[in-house]
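Engineer: Before I ask anything, let me first share the structure, which is written out below as structure tokens.
The values are calculated or read from the model by the stated rules, or taken from the named source; none is laboratory data. Keep in mind that what you see is a predicted model, and the values were worked out from it rather than measured. Virtual Cβ from ideal backbone geometry, glycine too; neighbours counted across all protein chains shown.
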Amino acid sequence: MAHANSRHQQRIGDQPWLRRLFIGLAFFLVGVLLVVPLLAIFAQAFSAGLSVFWINLSDKYSLHAIGLTLLVAALTVPLNLIFGVFLAWLVTRFEFPGRRILMTLIDIPFAVSPVVAGLMYLLLYGSNGWIGSWLMNHDVQLMFAWPGILMVTVFITCPFVARELIPLMQQQGSSEEEAALSLGASGWQMFRRVTLPNIKWALLYGVVLTNARAVGEFGAVSVVSGNIRGETNTLPLHVELLYQDYNLVGAFTSATLLAALALLTLVVKTILEWRQQHNAN
Amino acid sequence: MSIQIKQVSKKFGDFQALKPLDLTINKGEMVGLLGPSGSGKTTLLRIIAGLESADQGHILFSGKDVTNLHVRDRRVGFVFQHYALFRHMTVAENIAFGLDVLPKAQRPSKSQIKQQVTALLEKVQLEHLAQRYPGQLSGGQKQRIALARALAMQPRVLLLDEPFGALDAKVRKELRRWLRDLHDDLGFTSVFVTHDQEEALEVSDRVVVMSQGKIEQQATPQELYHQPASRFVYDFLGGVNVFEGQVHNNRLQQGQAWVAFPHAEHAESGQLYLRSHELSLTLQPSADAHLPLEIKAVSLIGAEVRLELEPIGWNSPDLWEVSISHTQYNSWQPQRGDTCYAQPHSGQLFSSDTENGLRALSWSNKLVLLKKKTA
């Protein structure tokens, strides 16, 4: 009877050997493609011992690259947080002509290759560009300097917060906000006491993603930075420079920082996802 | 507080949600806005609240123009269709919200707020839920909390958008009665929106029937039921059986089926509307009507037995529905597939010549006369 029952419930792929094969294959692929390379970074970085790791890390150019990367992230995240909330608010709470187009345009940075994005900025703001030449005459240099790096990073990461918020805010609707207003709340009170608590987990999630990308962005930044060591070198660019200098241990040392940040991002992301699910139920 | 709506209209893009309309709601009155979806009833409610702005016209509260007053300053209590409770706040925090956001000078102290919240929770009989979150409440409980939250501001006007729409039948009935009692107790002016005619007729002092952005009729529930002003109202209130035909020898005829006009001067082609209590069923046709019907379904639930009937040899847009008493059911024992005949006592004729031209017909006088003669 039990046997007949289990046969009855069997679906395609339920054969034990097939299931084991698929699961094994999945783990094998994840291991070869994701886990082993990650471990290799740490293995390489520490291959010459802890002291060499430390020397590489405290190198003046490495420290500058870390500092610049953190600066760019620290400016990008709040900028895109405000921009993302504003945009999500706009497209989910108001009906206006061009709303759909705006929602599509948000995705441009996802659709455009980062290198192309960097080139666009270079052509526009470089010393020969339309805006860049005018700025040059007024002694403002954006490209091959940290403001340029900041600009492309903001461009690349601007969809993350908005993309997280738009579906959530659409699903939640505006009736809670209207209820707050009808109960006498001011616009700010409504935002702080009703809107923000409802979106906070999605917002944090967007911030984590923005931060991870801002720190790790290579393509667009490499076009506009000019790779000046100790001036416009961010951490990902620094890894590449060291690698080209045949300083493998040094390159992997800097790479461990990025990898560690990635792991941290994963942990925070998992926690936030769990919280979001938890709150939805 | 009375509410006056003067020539208010509203367009959403190309869609005319409200055609310029006037409506006065008296102090302490409970008015139901009744209509199908898209009739503009919710838009009107939201304009009264200030959640939507009118394109034209004015809203007056007790004679004072509030058209340009922001929703937060209108001091209306608004109960949303899906309650719109703040999901991250406890029930007590939800109810306290309106008091918490008052400017410091007007805000009661923390202990006063707590007292008021407790009093409101007692009023809605949910004291034990103060520390719960909205996600942990049933639909009926959420509705009561939403009401308590709106009442915390001591509004002079209470506006409710489909207040019972999302509740199951039993809870809905209970809450309906409870809301009516609360309204009578506290004496505010209430306006609620519904698409359920039973709800509107039961609870309201006055029902405003809306369709396509305009008011079709405003009347007390009794008037509305007995004297629907238009075919739309008749249709919307429901429960009508329709016989459409042409005049032929002082009869309204369709194929082999006919109804004789009680008075020759009433003869006009059109649609005859018969409510289910305005006709009876017999086993033989009479001199007044020949409307053969086949029994499609017999439903024994409720105080009466409901029969669904399909016309034989003539057409009707919907199946006919007639209720008979259990006594009649027991003596007649109708079965699915049986044939019977409809005998009208009274009804309304909508002439096909004139728009909404409506004429009341009655066969009952004649019946009485016949009885007297035979007696």
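Engineer: Which residue pairs have Cβ atoms closer than 7 Å, lie 6 or more positions apart in sequence or on different chains, and pair a first residue in the range A:56-79 that is in a helix (DSSP H, G or I) with a second residue that is among the basic types (Lys, Arg)?
Structural biologist: From residues that are in a helix (DSSP H, G or I), the pairs are A:61/A:229.
Engineer: Could you go through the range A:150-163 and let me know if any residue there is at pLDDT below 90, of a type in the set (A, V, I, L, M, F, W, C) and not in a helix (DSSP H, G or I).
Structural biologist: Checking the range A:150-163: not a single residue is at pLDDT below 90, of a type in the set (A, V, I, L, M, F, W, C) and not in a helix (DSSP H, G or I).
Engineer: Sort out which residues of the range B:102-117 are over 24 Å from residue B:179 (Cβ atoms) and crowded, with 19+ Cβ neighbours inside 10 Å, and write them in order of number.
Structural biologist: B:113
Engineer: If a residue must be part of a helix (DSSP H, G or I) and in contact (Cβ under 8 Å) with a residue 24 or more places away in the chain, how many such residues does the range B:109-125 contain?
Structural biologist: Within the range B:109-125, residues that are part of a helix (DSSP H, G or I) and in contact (Cβ under 8 Å) with a residue 24 or more places away in the chain number 5.
Engineer: Counting residues that are farther than 23 Å from residue B:21 by Cβ and not basic (Lys, Arg), which helices (runs of 4 or more DSSP H) fully inside the range B:126-243 reach at least 2?
Structural biologist: On the way: elements: B:139-151, B:169-186, B:197-203, B:221-226, B:231-237.
Of the helices (runs of 4 or more DSSP H) lying wholly inside the range B:126-243, those with at least 2 residues that are farther than 23 Å from residue B:21 by Cβ and not basic (Lys, Arg) span B:139-151, B:169-186, B:197-203, B:221-226.
Engineer: Does the range B:90-114 hold any residues that are facing chain A (nearest Cβ under 8 Å) and touching a Pro at 6+ places or on another chain (Cβ under 9 Å), and which are they?
Structural biologist: Matches in the range B:90-114: B:102 only.
Engineer: Right, here's the next one. Would you check if there is a residue in the range B:262-277 being more than 13 Å from the chain's Cα centre (by Cα), outside any helix (DSSP H, G or I) and assigned by TED's automatic domain parsing to the domain that holds residue B:38?
Structural biologist: No, there is no match, as no residue in the range B:262-277 is more than 13 Å from the chain's Cα centre (by Cα), outside any helix (DSSP H, G or I) and assigned by TED's automatic domain parsing to the domain that holds residue B:38.
Engineer: Now for a different question. Which of the residues that make up the range B:55-88 are aliphatic (A, V, I, L, M) and either surrounded by 21 or more Cβ atoms within 10 Å (Cβ to Cβ) or within 8 Å of another protein chain (Cβ to nearest Cβ) (or both)?
Structural biologist: B:59, B:71, B:76, B:79, B:84, B:85
Engineer: Right, next: Give the residues of the range B:292-314 that are at pLDDT 90 or above, surrounded by fewer than 16 Cβ atoms within 10 Å (Cβ to Cβ) and hydrophobic (A, V, I, L, M, F, W, C), sorted by residue number.
Structural biologist: Listed by number, the residues that qualify are B:297, B:312.
Engineer: Would a scan of the range A:192-205 turn up a residue that is within 30 Å of residue B:51 (Cα to Cα) and more than 12 Å from every other protein chain (Cβ to nearest Cβ)?
Structural biologist: yes
Engineer: Among the listed residues A:219, A:230, identify the single one that is away from chain B (no Cβ under 14 Å) and touching a His at 6+ places or on another chain (Cβ under 6 Å). Can you show your working first?
Structural biologist: Numbers: A:219 fails: touching a His at 6+ places or on another chain (Cβ under 6 Å).
Criteria check complete, one pass: A:230.
Engineer: From B:35, B:77, which residue is within 29 Å of residue A:194 (Cβ to Cβ), touching a residue at least 24 places away in the same chain (Cβ under 8 Å) and in contact with a helix residue (DSSP H, G or I) (Cβ under 6 Å, 6 or more places away or on another chain)?
Structural biologist: Residue meeting the stated conditions: B:77.
Engineer: Kindly provide the set of residues from the range B:302-317 that are outside any strand (DSSP E or B) and either more than 20 Å from residue B:331 (Cβ to Cβ) or polar (S, T, N, Q) (or both), ordered by number.
Structural biologist: Hits for the range B:302-317 are B:312, B:313, B:314, B:315, B:316, B:317.
Engineer: Please find, among A:276, A:244, the residue that is within 14 Å of another protein chain (Cβ to nearest Cβ) and out of contact with any strand residue (DSSP E or B) (no Cβ under 6 Å at 6 or more places or on another chain).
Structural biologist: Among A:276, A:244, only A:276 is within 14 Å of another protein chain (Cβ to nearest Cβ) and out of contact with any strand residue (DSSP E or B) (no Cβ under 6 Å at 6 or more places or on another chain).
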